[in-house]
1. Has segment 110-129 got at least one residue that is under 19 Å from residue 253 (Cα atoms), more than 16 Å from the ligand (Cβ to nearest atom) and in contact (Cβ under 8 Å) with a residue 24 or more places away in the chain?
2. Residue by residue through segment 11-34, note down the ones that are near the ligand (Cβ under 8 Å from one of its atoms) and over 20 Å from residue 181 (Cα atoms).
3. Let me confirm something: among 203, 213, which residue is closer than 30 Å to residue 312 by Cα, more than 16 Å from the ligand (Cβ to nearest atom), touching a strand residue (DSSP E or B) at 6+ places or on another chain (Cβ under 7 Å) and not in a loop (DSSP other than H, G, I, E, B)?
4. With the structure loaded, tell me whether residue 101 is part of a loop (DSSP other than H, G, I, E, B) and either closer than 22 Å to residue 175 by Cβ or under 21 Å from the mean Cα position of the chain (by Cα) (or both) or whether it fails that test.
5. Exactly one condition in (1) within 11 Å of the ligand (Cβ to nearest atom); (2) at negative phi; (3) modelled with pLDDT of 95 or more is not met by residue 171; state its number.
6. Filter segment 1-43 for residues that are part of a loop (DSSP other than H, G, I, E, B), in contact with a helix residue (DSSP H, G or I) (Cβ under 7 Å, 6 or more places away or on another chain) and closer than 21 Å to residue 238 by Cα and give the result.
7. Select the strands (runs of 3 or more DSSP E) contained entirely in segment 229-319, then report the ones holding at least 1 residues which are under 22 Å from residue 151 (Cα atoms) and touching a strand residue (DSSP E or B) at 6+ places or on another chain (Cβ under 7 Å).
8. Give 98, 36 a once-over and let me know the one that is closer than 24 Å to residue 159 by Cα and touching a strand residue (DSSP E or B) at 6+ places or on another chain (Cβ under 9 Å).
Ligand code: NAD
């Protein structure tokens, strides 16, 4: 196992916490985990790694975070589900400071590899108007018309990674994540995403005996959801690959939000009356990941069945809520 220092930025968050755990499982020991949150708010924290609380929007904090490092995963961003990103566009755009200062620090240190977590929110909105969406391929990001705020920041930061590679030789790699879900993530408070929010609402209905659920939008919106284990595998494979352009990392198992609710109801063993809130933030009408490129490069695509991943997610949230 290489002894080079690996830095995980955003390690107190959902994906970052799982990534540190996975790196430890593989035998890596020289890990630095960084997040702005106080330690007691991290989803997962491991005493055997160096844990730092830093605001990575600042340049000096980024220099401190990346000192002596060889590998950097930038998973730090001020983000959340649709309810958060539609109402906090400026906050989302400020994450540009994180990636900018991390890239500058990475250049100073001369890191070997730099991973940036982009998003399917970079894709042109015109291609996502129909629930029967044609899966999004990488070239669909241009001409640019991404999700306002959050998506523009991601697209700009992708571009910055590209030019730091071309002009300064930093080996940047970029994945466009499509909806990642799993245990040890946000399920309440306003930043949660659809899979966790639906689990929480179904559990609330089950525990309270009030057999109703509010669904954002008309339930016909389509999406695909990637289980965290696929995300970790793909992230590390992309970091270690020669894939220079941003690439989709998402499941191609597309469902409607109604079908996602069906799955959670089945796991919970309950049937609920559905109320549709058409005024709630609901995002684009349809979105799915075209996995032609990732299959070509890696001979693999995210493949953990939604039902299986949702069961694990539901069980974790249920335990949290009844603890
Ligand atoms: P998360 O919110 O759970 O984790 C992000 C972490 O970044 C948080 O712990 C937060 O405290 C930290 N952070 C925010 N501002 C910071 C700052 N100034 N300094 C240091 N840390 C800071 O989100 P996640 O789901 O783990 O997402 C990780 C990355 O993947 C993000 O860049 C996100 O945009 C991207 N992404 C996630 C999804 C998804 O479905 N989860 C989809 C597309 C892209």
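1. Yes - at least one qualifying residue is present in segment 110-129.
2. Scanning segment 11-34 gives a single hit, 34.
3. Exactly one residue qualifies, and that residue is 213.
4. No, not satisfied.
5. The one condition residue 171 does not meet is (1).
6. 10, 11
7. Filter on segment 229-319 gives 247-249, 254-256.
8. Matching residue, one of 98, 36: 98.
The values are calculated or read from the model by the stated rules, or taken from the named source; none is laboratory data. The model shown is predicted, which means the values in this text are computed figures rather than measured ones. Using ideal geometry, Cβ is built from the backbone for each residue, glycine included, and neighbour counts are taken over all protein chains shown.
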